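Just below is one structure, and these are the notes that go with it.
Bear in mind these aren't lab numbers, they're just calculated from the coordinates by the rules spelled out. Computed from a predicted model, the values in this text were never measured in an experiment. Reconstructed Cβ throughout: ideal geometry from the backbone, glycine too, with neighbour counts over all protein chains shown.
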Amino acid sequence: MSIYLTDKLKGLKPYVPGEQPNKNGYIKLNTNESPYPPSPKIKDMIDAAELEDLRLYSDPDLKKLISTISKYYSVNEDCVFCGNGSDEVLSFAFLAWGDKGVVYPDISYGFYEVFADLYGLIKHPIPLNKDFTIDLTKYDDLGSLIVVANPNAPTGISVSVPEIEHLLERNPESVIVIDEAYVDFGAESALPLVNKYDNLLVVRTFSKSRQLAGARLGYAFGNRELISDLNRIKFSFNPYNVNRLTAIAGAVSIEDDEWFKDCIIKTVSTRDRLTNRLRDLGFFVLESKANFVFAKHDHIEGKTLYEKLKNRGILVRHFDKARISEFNRITVGTDAETDVLIETISDILKEL
Ligand SMILES: *Cc1c(COP(=O)(O)O)cnc(C)c1O
């Protein structure tokens with residue numbers, strides 16, 4: 001930290017992302033990326049002319065990308081926003097609507113707390129139930145921004161759309177952000193409620209279900225006034241927030257629906273297989289609707305298992321946090337990666 005840093009940022013604890021080792025060879029099950037490559041059609045679209053066009057700024061209105069998303073999801077174009085990863089969209093949401101405080105589950109995506117601290121917002125983390133489910137009736141009457149990941153991370157547990165609708169009905173004074181980073185893997189989306197409620201923003205990403213984590217592309221659906229708030233911030237911060245190659249990759253990913261659906265089907269089937277095999281080995285595994293599972297074992301500390309797996313070339317995610325330090329979050333890889341993982345874990349358990 002330099003002596004020049006502004007006082008209000010001196011206490012800020014930045015988000016700590018999962019490890020991204022430079023060395024290949026790890027089975028990487030720690031940051032919920034897709035184990036499958038992006039649609040091969042993206043490569044065909046990014047030709048020499050597109051590379052030459054990198055000398056030009058990207059389209060600040062992202063017309064092609066937004067019209068592709070709006071057609072696919074049957075939403076008006078002025079109800080769609082795109083960001084440099086959904087992290088950017090979420091960050092803009094905190095800045096836009098968080099001045100009366102932010103409510104979110106105490107065990108959830110770690111960035112919510114960081115964004116609140118970055119913008120100096122009052123935080124109201126609400127404890128998860130004992131079984132790690134979310135009770136949305138506890139999120140009422142605070143007049144604050146409400147942010148809920150559905151399915152939640154790192155638990156993978158989802159809430160139902162009727163529960164979200166009741167939350168919206170009870171809290172017309174709050175903007176409610178539903179972070180659907182993992183919704184494509186089987187939870188129910190709140191997207192149909194966007195037409196009915198002026199205070200709902202549904203946030204999505206291309207990082208988890210669309211094989212484009214490294215391209216950095218997130219999007220959101222909401223009432224046109226909410227979207228115009230986000231654009232007000234974007235055009236005061238970085239009008240070219242989505243780069244040219246990413247905008248092309250995003251549109252092609254949406255258009256190649258067969259590729260998208262095929263990758264989802266494979267991941268969901270591997271998730272169910274992984275869950276069963278971990279349970280066979282004696283793990284307690286939460287019921288996941290995401291592309292990861294959250295699991296613990298009575299005979300081994302969460303951190304110890306994380307370290308032993310890392311020593312054997314498998315990266316998973318461990319959180320040193322009260323109530324969840326016994327667990328590891330394991331991304332669903334390919335079937336072959338899952339076989340190696342299960343074999344390695346059973347070896348580790350045998351050695352105890
Ligand atoms: C991964 C993740 C994000 C961020 O995704 P990007 O689009 O890659 O920035 C947002 N929310 C949750 C819950 C996530 O797990």
Worksheet entry | Single condition Arg329 does not satisfy, out of (1) touching a Ser or Thr at 6+ places or on another chain (Cβ under 6 Å); (2) of a type in the set (D, E, K, R); (3) buried (at least 19 other Cβ atoms within 10 Å of the Cβ) | (1)
Discussion item. Can you tell me which residue is farthest from the chain's Cα centre (by Cα) among those in region 314-347 that are among the acidic types (Asp, Glu) and outside any helix (DSSP H, G or I)?
Written reply: Glu326
Discussion item. Suppose the filter is in contact (Cβ under 8 Å) with a residue 60 or more places away in the chain and more than 27 Å from Ile248 (Cα to Cα); does Val102 pass it?
Written reply: no
Worksheet item: Taking region 175-219, which residues are free of Cβ contacts under 8 Å to residues at least 40 places away in the same chain, more than 12 Å from the ligand (Cβ to nearest atom) and small (Gly, Ala, Ser)?
Response: Ser189
Worksheet item: What residue, among those in region 296-312 that are touching a strand residue (DSSP E or B) at 6+ places or on another chain (Cβ under 9 Å) and among the hydrophobic types (A, V, I, L, M, F, W, C), is nearest to Glu343 (Cα to Cα)?
Response: Leu309
Worksheet item: Under the condition of being touching a helix residue (DSSP H, G or I) at 6+ places or on another chain (Cβ under 8 Å) and assigned to a loop (DSSP other than H, G, I, E, B), which residue from region 58-83 is surrounded by the most Cβ atoms within 10 Å (Cβ to Cβ)?
Response: Leu62
Worksheet item: Quick check: is even one residue across region 219-237 touching a Gly at 6+ places or on another chain (Cβ under 6 Å) and within 19 Å of Thr68 (Cα to Cα)?
Response: no
Worksheet item: Has region 8-25 got at least one residue that is of a type in the set (Ser, Thr, Tyr), out of contact with any Pro (no Cβ under 6 Å at 6 or more places or on another chain) and farther than 24 Å from Thr155 by Cβ?
Response: no
Worksheet item: In this structure, does Thr31 turn out to be assigned to a loop (DSSP other than H, G, I, E, B) and either closer than 19 Å to Leu217 by Cβ or acidic (Asp, Glu) (or both)?
Response: yes
Item to complete: Might you let me know whether region 269-281 holds any residue that is in contact (Cβ under 8 Å) with a residue 40 or more places away in the chain, part of a strand (DSSP E or B) and farther than 30 Å from Ala220 by Cβ?
Response: no
Item to complete: Return the total of residues in region 153-174 being farther than 22 Å from Ile324 by Cβ and either small (Gly, Ala, Ser) or touching a residue at least 40 places away in the same chain (Cβ under 8 Å) (or both).
Response: 2
Discussion item. Here is a list: Glu19, Glu33. Which entry is among the charged types (D, E, K, R), closer than 23 Å to Ile330 by Cβ and exposed (fewer than 15 other Cβ atoms within 10 Å of the Cβ)?
Written reply: Glu19
Practice prompt. Run down Leu121, Leu142, Leu90, Leu54 and say which single residue is part of a helix (DSSP H, G or I) and either of a type in the set (D, E, K, R) or more than 15 Å from the ligand (Cβ to nearest atom) (or both).
Written response: Leu54
